[in-house]
Amino acid sequence: MDKSFPLQGWSSLAVHAGHETDPNYAHLVPIYASSTYVFDTAEQGMRRFSGQEEGFIYSRWGNPTLKEAEDKIAAMETFGLPFEVKGILHASGMAAISSLLLGTLKPGDKILTHYSLYGGTEELITKVLPGFGVIPVIADLRDPQVAEDMLKKDPSIRMLYLETPANPTIQCVDIEVLTGMAKNHGLLVAVDNTFATPFLQQPFRYGVDFVVHSTTKFLNGHGTAIGGILLGRDTERMKTSMTKVHRMLGGNGNSFDAFLLIQGMKTLELRMERHCHNAMEVAQYLSTHHTVSRVNYTGLAAHPDHEVAKKQMRHPGPMLSFELKKGLQGGIDFMNNLKMCVRTVSLGTCDTLLSHPASMTHYSVPKEEKLKYGITDGLIRMNVGIENLPDILNDLEQALAD
Ligand SMILES: Cc1ncc(COP(=O)(O)O)c(C=O)c1O
């Protein structure tokens, strides 16, 4: 594509951004299955290593397949914004988050975050980082005053880390307000944008420094590969210190998974429109069902985070959770009754996926801990898929029958 041609629409960008003409005119970027790259001369090797000449050296550091995925996501995260960001593809969302945290925080620093983070991130922050002298501060940041009070009294807080909407309770925090406060105190701000994707929400719009994704989810869209990306607003820092950390930690993505990710992302807008349409209908259906005591979906006006989600997201998203009145056994029975929808813990695929945290992901977490994170015995998390709506509703109806 001619790069001077201004793209107007989201799917045009998702299809074309990041693609470079292949030297052999392959239509799609090939899966570069080569660990290393050759130099014409020793002098060229010298120029590549010193950074005087662009070019690939070793696949842990990057290759053309990885680069296309990185550049496509960077373009999507900044579509319509007057600046560029740089992305570094990783082996998983957790690898991207690890590079971020280990590359920016040092002993004595504190990281301010909120309840209801993805479990892996929460454990990394509360169990691994303290071993490196980095202290977590966890609060309910849905009330920005709480954040302001903490920032005022604790100058060692170095980073604000947000995940919105958050896994698994779908709570949202106000990126703009919290980033504004954090910046007044000189903090770095990072947002996990996995649940929303850049189609629904662009955190860089509000001045954040870093965005991370588990690309395993809606960006890939088909459940075919694990992956992650770290994107940064300070492109110089990304090219130097963050690239160094990424290379040294060795959490690089691989070409085959990047290829699957690239193809999946081309339909992001189409998939998300359908996911979100179905999710709204499912949320409305569940909220009137006699076996359901509560539906957590920010698209419903009654949800406490409705206004925040409306402000920063294009649609309320494909994820929701709901509570069954019959608690633990009700959750187990419901899960066992499903006929089309799938029992599994991941999300972001075309098919509707449901999980029951109390009997699955959070089975061994003490009850008081679970409640702190909003996880009750009857809570069901749902990734509403792109199937035809009547089939999703019929499956729920029969699975919920007393
Ligand atoms: C919001 C969020 N962030 C990060 C991760 C970690 O991603 P990965 O499993 O690709 O390492 C997940 C995984 O479920 C997630 O839901």
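Computed values, structure above
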item	result
Neighbour-count ranking [beta-carbon atoms within 10 angstrom, fewest first] of Thr361, Thr65	Thr361, Thr65
Under 14 Å, Cβ to Cβ, from Ser156 - net charge with Lys/Arg +1 and Asp/Glu -1	+3
Cα-based helix-to-principal-axis angle, 255-265 vs the chain, degrees rounded to 10	60
0 to 90° range, to nearest 10: angle between helix 327-337 axis and the chain longest Cα axis	70
Convex hull volume of the chain per residue (C-alpha atoms, cubic angstrom)	147
Total formal charge among the other residues, if their Cβ is under 13 angstrom from that of Met76, Lys/Arg +1 and Asp/Glu -1	-2
The range 75-173: C-alpha gyration tensor shape, a/c 1.5 cut-off, then a/b vs b/c	rounded
Formal net charge of residues neighbouring Val342 (Cβ-Cβ distance under 15 Å; K, R +1; D, E -1)	0
The chain: antiparallel DSSP beta bridges as a percent of all, rounded to 5	55
Gyration tensor (alpha-carbon) shape descriptor, the range 269-400, a/c threshold 1.5	oblate
Exposure proxy ranking, count of Cβ atoms within 10 Å, fewest first, for Phe259, Phe322, Phe39	Phe39, Phe259, Phe322
The chain, helix-only ellipticity at 222 nm - DSSP H runs n ≥ 4, -39,500 (n - 2.57), divided by all residues, nearest 500	-10500 deg cm²/dmol
Rounded FRET efficiency, nearest 0.05, which uses the C-beta distance separating Met1 from Arg247 and R0 of 25 Å	0.25
Degrees, to the nearest 10: 268-287 long Cα axis against longest axis of the chain	20
Approximate spin-label separation Asp140-Phe83, in nm, with each point projected 7 Å along Cα-to-Cβ	3.4
Ranked Trp61, Trp10, criterion: other C-beta atoms within 10 Å, fewest first	Trp61, Trp10
Spin-label model distance (nm) - Leu328 vs Asp391, 7 Å beyond Cα toward Cβ	3.5
The chain: most fluctuating residue of Asn24, Asn336, Asn184 per GNM, C-alpha cutoff 10 Å	Asn24
Among Pro144, Pro23, Pro316: highest mean-square fluctuation, GNM of the chain, C-alpha pairs under 10 Å	Pro23
DSSP beta bridges in the range 182-339 [antiparallel fraction, %, rounded to 5]	75
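FYI, it's all coordinate maths here, none of it is from the lab. Keep in mind that what you see is a predicted model, and the values were worked out from it rather than measured. When we count neighbours, we look across all protein chains shown, and the Cβ atoms used for this are built from the backbone with ideal geometry, even at glycine.
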